[in-house]
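These notes concern the structure reproduced below.
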Amino acid sequence: MRAFVALDLPDTLRIALSAVQDRLGIDKAGGRAVDEDQMHLTLVFLDDQPEFVLADLHGELDRTRWPALTLDPRGLGTFGGDRVTSVWAGVAPDPVLAALQAKVAQAARGAGIDVPRRRFVPHVTLARFGAQGAPGPFNAGVAALSGWSAPPVAVDRMALMRSHLGKGGSVYEVLADYPLGEDGPLG
């Protein structure tokens, strides 16, 4: 089962991100915008895992008390280098978010999942482009909006998600969720 752990975004942030998608003109540029109700911030991508491994991870995530978290959305960026394959909205660096991500990655490794060790770049994907990448004028539009920001938002839950791949893109299903802010800081 293809899975990941992500932060669920409040509606106010989803609406703000949807407005950015509209300003970018993703459809006209040949991209596929992420549906507003599918927006999330991935903490750890788990790839394909057997159900029993995800059950072990769920047990660990469910036993742990997670800190309250506020996201400070700011900046737009791209992945793919010269051939832009996706556009994202960033989040200002935050030590609580970084610690949360590290703790989730540690829990995944403890459940036997091979999580690559790489720099965490907190972001919400706004659009994807095929192998041809985004056209140059679109990339200039992203650069023009690179200073975008939205008011900080409290996030109150994290979720273990399943990704169903389809012709129209991925559809995400919540397998379990975990409240944030129950018992204070990570220990």
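In plain terms, the residue of VAL142, VAL53, VAL104, VAL121 with the fewest other Cβ atoms within 10 Å comes first and the most crowded comes last, giving VAL121, VAL53, VAL142, VAL104. Shown for THR70, THR78, THR64: other C-beta atoms within 10 Å of each C-beta, ranked fewest to most, produce the order THR70, THR64, THR78. If you wrap the Cα atoms of the chain in a convex hull and average its projected area over all directions, you get 10.4 nm².
Shown here for the range 98-140: trypsin sites (Lys or Arg not before Pro) in loop regions (DSSP other than H, G, I, E, B) with at most 13 other Cβ atoms within 10 Å, namely ARG117, ARG118, ARG119. Taking the square roots of 5 times each eigenvalue of the Cα gyration tensor of the range 24-102, largest first, gives ellipsoid semi-axes of 29, 19, 12 Å. Expressed as a whole number of Å, what is the distance separating the alpha-carbon centroids of the range 133-157 and the range 53-128? With the range 53-128 and the range 133-157 each reduced to a Cα centre, they are spaced 18 Å.
Of the chymotrypsin sites (Phe, Trp or Tyr not before Pro) found in the range 112-169, those in coil by DSSP whose Cβ has at most 16 other Cβ atoms within 10 Å are PHE120.
Only the coordinates and a few stated rules stand behind these numbers; no lab work does. The structure displayed is predicted, hence computed values, not measured ones. Methodologically, a virtual Cβ is constructed for each residue, glycine included, from the backbone with ideal geometry; neighbour enumeration extends over all protein chains shown.
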